[in-house]
1. Would you mind finding the one in Leu23, Leu62, Leu54, Leu29 that is surrounded by fewer than 18 Cβ atoms within 10 Å (Cβ to Cβ) and touching a Gly at 6+ places or on another chain (Cβ under 7 Å)?
2. Applying the selection to the range 66-91, what residues are over 21 Å from Leu51 (Cβ atoms) and surrounded by 14 or more Cβ atoms within 10 Å (Cβ to Cβ)?
3. Among all residue pairs at least 6 apart or on different chains, which show Cβ distances below 7 Å where the first residue, located in the range 20-41, is more than 16 Å from Glu77 (Cα to Cα) and the second is in a helix (DSSP H, G or I) and of a type in the set (Lys, Arg)?
4. Take Cys94 and tell me if it is in contact (Cβ under 8 Å) with a residue 24 or more places away in the chain and either surrounded by 11 or more Cβ atoms within 10 Å (Cβ to Cβ) or within 19 Å of Leu26 (Cβ to Cβ) (or both).
5. Among the aromatic types (Phe, Trp, Tyr) and in contact with a Lys or Arg (Cβ under 9 Å, 6 or more places away or on another chain) - does that describe any residue in the range 70-92?
6. Do any helices (runs of 4 or more DSSP H) lying entirely in the range 33-111 carry at least 3 residues that are under 26 Å from Gly19 (Cβ atoms) and of a type outside the set (A, V, I, L, M, F, W, C), and which ones are they?
Amino acid sequence: MEMHATPWAPDWVLWLWFGLTLLSVLSVLYVAWDLFTRTPEMKVMKWGWVLVTLYTGPVGLLIYWFSCREPSPSTHETFIAPLWKQAVGSTIHCAAGDAMGIIVATAIQQL
């Protein structure tokens, strides 16, 4: 039986994977750069945002952009004052800590 090439051959899947990975890496780099150079957020939250963006890629960048990124200097506290943004921050803090705990526990268990 003869096999024909399909549009979703493995090389296309790999290029899609590489593109999504590049987009995720760029998202993490941007969030880390913005947090550590421009945003007056607590250090634990900065690392939480970096970790969540590492886990979620461009989705994490979008959530960060609309809920935490300081639109102009000295406006961060006013910008994050709405309750929904406070809830997003709490969720980020929890998700980053829980996921890191799961990763560390799994790594220890594998020893």
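Please treat every number below as a calculation from the coordinates, not as lab data. If you're wondering where the values come from, they're calculated on a predicted model, not measured in any experiment. So basically every Cβ, Gly included, is an ideal-geometry build from the backbone, and we count neighbours across all protein chains shown.
1. Leu23
2. Phe79
3. Cβ pairs passing all conditions: Phe36/Lys46.
4. So Cys94 fails the test.
5. yes
6. Where helices (runs of 4 or more DSSP H) fall fully within the range 33-111 and carry at least 3 residues being under 26 Å from Gly19 (Cβ atoms) and of a type outside the set (A, V, I, L, M, F, W, C), they are 43-56, 58-67.
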